[in-house]
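Following: one structure in structure tokens, then a few remarks.
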């Protein structure tokens, strides 16, 4: 199969292998039901394979269009595989932050888990102190969002309160 692939050849191809269409476009056949399009390119001396979709979802014509768009990005200096990976990692990090507990939720869970071990006075002081001093400043923040400046603000406000007394 030298040169450009033909739609009928693509539809009938079930023998495992990598079949070039030209300009970096490949039909990758892993088995009769596993056939995918991939764009092969080199950037900064590294070979990269960028998936363009399953043959089931992407026709030969559409694969060529996707390949051409990817080629333009690579020519502009974009490592599309790394860009896609970075976007995925960024989205995963954002989801983790969004799913993370706030300081108030963590503190309340900690108190609930440990108050049975504490004296009555101590068990009453924890929630009261946190409600009065910490929750207004950092209670709504996710743990990963709390900065040293937030802690400094908390401690500085408490220090000023004690000086006035």
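Overview of results
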quantity: Residues being surrounded by 13 or more Cβ atoms within 10 Å (Cβ to Cβ) and at pLDDT below 95 - total across the range 44-79; calculated: 0
quantity: Subset tally (residues that are in a loop (DSSP other than H, G, I, E, B) and loosely packed, with under 14 Cβ neighbours inside 10 Å) for the range 3-14; calculated: 4
quantity: Matching residues in the range 134-143 - criterion: being over 14 Å from residue 110 (Cβ atoms) and crowded, with 16+ Cβ neighbours inside 10 Å; calculated: 138, 142
quantity: Test: residue in the range 99-113 that is in contact with a helix residue (DSSP H, G or I) (Cβ under 9 Å, 6 or more places away or on another chain), surrounded by 13 or more Cβ atoms within 10 Å (Cβ to Cβ) and within 30 Å of residue 44 (Cα to Cα); calculated: no
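The values are calculated or read from the model by the stated rules, or taken from the named source; none is laboratory data. Keep in mind it's a predicted model, so treat the numbers as computed, not measured. No Cβ is skipped: glycine too gets one built from the backbone with ideal geometry, and neighbour counts run over all protein chains shown.
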